[in-house]
1. List the residues of the stretch B:35-64 whose backbone N lies under 11 Å from a point placed 7 Å from the Cα of B:HIS84 along the Cα-to-Cβ direction.
2. Could you tell me what percent of the DSSP beta bridges with both partners in the stretch A:2-108 are antiparallel, to the nearest 5?
3. Using 0.36 nm per residue of separation minus the Cα-Cα distance, give me the extension gain between B:GLU270 and B:GLU63 in nm, one decimal.
4. On a C-alpha basis, how far is the centre of the stretch A:1-45 from the centre of the stretch B:146-187 in Å? Whole number, if you could?
5. Report the calculated FRET efficiency for B:LYS36 and A:ASN102 (r = Cβ-Cβ distance, R0 = 41 Å), to the nearest 0.05.
6. Antiparallel DSSP bridges in the protein assembly as shown: what percent, to the nearest 5?
7. Charges only on Cβ, +1 for Lys and Arg, -1 for Asp and Glu: so what's the dipole of chain A about the Cα centre, in debye to the nearest 20?
8. With unit charges on the beta carbons (Lys and Arg positive, Asp and Glu negative) and the dipole taken about the Cα centre of the stretch A:2-108, which residue among A:CYS78, A:THR41, A:ALA106 sits farthest to the positive side?
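What follows is calculated from the coordinates using simple rules that are stated; it is not laboratory data. This one's a predicted model, so the numbers in the text were calculated from it and none came from an experiment. Note: ideal-geometry Cβ built from the backbone for every residue, glycine included; neighbour counts use all protein chains shown.
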Amino acid sequence: MDIKHRDVGGVSVLDFTGNLDTNTSPTAEAEVSRLLDEGSTKILFNFSELNFISSSGLRILLATAKKLKMSDGKMVVCNLNDVVQEVFDISGFASILNLAANEEEALASF
Amino acid sequence: MTEKKEKPAVALFMSADLAGSTAFKSQALGDSDSPKWLEAFEAFFREVPLIMMGQIAAAFIMEEEVPRAGVWKVIGDEIVFMAHPKSSREAQLLTIAFYRTIVNYDRQIFERWPLRIKGCCWAAQVSHRNREIEIPEMLGGDAEQAYVDFLGPDVDAGFRLASCGGRGQVIVSSNLVQLISSLDESEGIRFHYIGRKVLKGVYAGRPYPLFLMSMEDQMPETWEWEPEHDKGLEELRKNNPMEPAAILEMLERIRNYLNRMCHTGIEWLEFQAD
């Protein structure tokens, strides 16, 4: 898995490539923690190149959403492929987190 | 000045087990390259951890943090989740999340295949009594962290206890029942005492008290024509849970007796944050 960070108009955009699973979630968690420690309050998870997410990946999203809520921040997830969308539907995360169809729509929601 | 003694961590184990899977595997062979039963098993292993994470999100919706919880082991037709709750409250909410996972998925899987699932939830204080051990030879670790396993009488008790629950039911260890029953807010958790059973190597061979869990707003699915029409099924259908005060009194009497007469060293769970 690879994560690239961009700043778009004050929003920290994380571009994920590959699989976010048990093996790769510690890397993702460290990257998100670094952003939060630096004071980011607007984070966009761009999953356009993410192939799969497991329950351990979902836990990172949940933990991030909670931390941002405490600092009056916001988190959005966008560009889910069919496999990732199914994971969100089965787990119920589709109705828990803020989802957007694409990056443009996601950025407009901040 | 005396230093505050640090209480050891608590490990919470939650087992989801497919019931009726052996018969299903032999009956659902199909005639294609992959047997029909494979689809059900793939769905079970893929969906249950996702539903569990969704239920954790729901249970912790008002909390500031969410504890680490994930799949610890897969043993045959069984998924065992493990978490390190930091407080009684976290242990209680994780137990609720697990219960709802089992009851909801039991209904879902039964709609698709002739299968049910059953659950067991138990806890161990990782102390002199139960230990974490690293197993370097085991796959699953990485360069920085070896695979970690848990050994001890309270860990073993859970695996024995898991066989005592029925389809659609969640059976809970006595130390976890004691912990949850002692909390001021029940959050809707109820326990049904269904009797005692000797579990090999547990409680010095004395009968172990068996409790099934239910929630005020969600009962397990019970079918009177299940093959194991047992005491647990009857108690759930009566919908007559035991009062927390009565549970605490009974469990304390058992613990006092076993520790005095059999030197079992049974301890109730303690958290640093409580």
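1. Nothing falls inside the zone, counting backbone N under 11 Å.
2. Numbers: 7 of 23 bridges.
Percentage antiparallel, nearest 5: 30.
3. Numbers: separation 207, 0.36 × 207 = 74.52 nm, distance 2.03 nm.
Additional length available on full extension: 72.5 nm.
4. So the two Cα centres are separated by 36 Å.
5. Numbers: r = 39 Å, r/R0 = 0.95.
So, using R0 = 41 Å, E works out to roughly 0.60.
6. Numbers: 47 of 68 bridges.
Of all bridge pairs located within the protein assembly as shown, approximately 70 percent are antiparallel.
7. Numbers: 9 positive and 16 negative charges, 91 e Å.
For chain A, the charge dipole is close to 440 debye.
8. A:THR41
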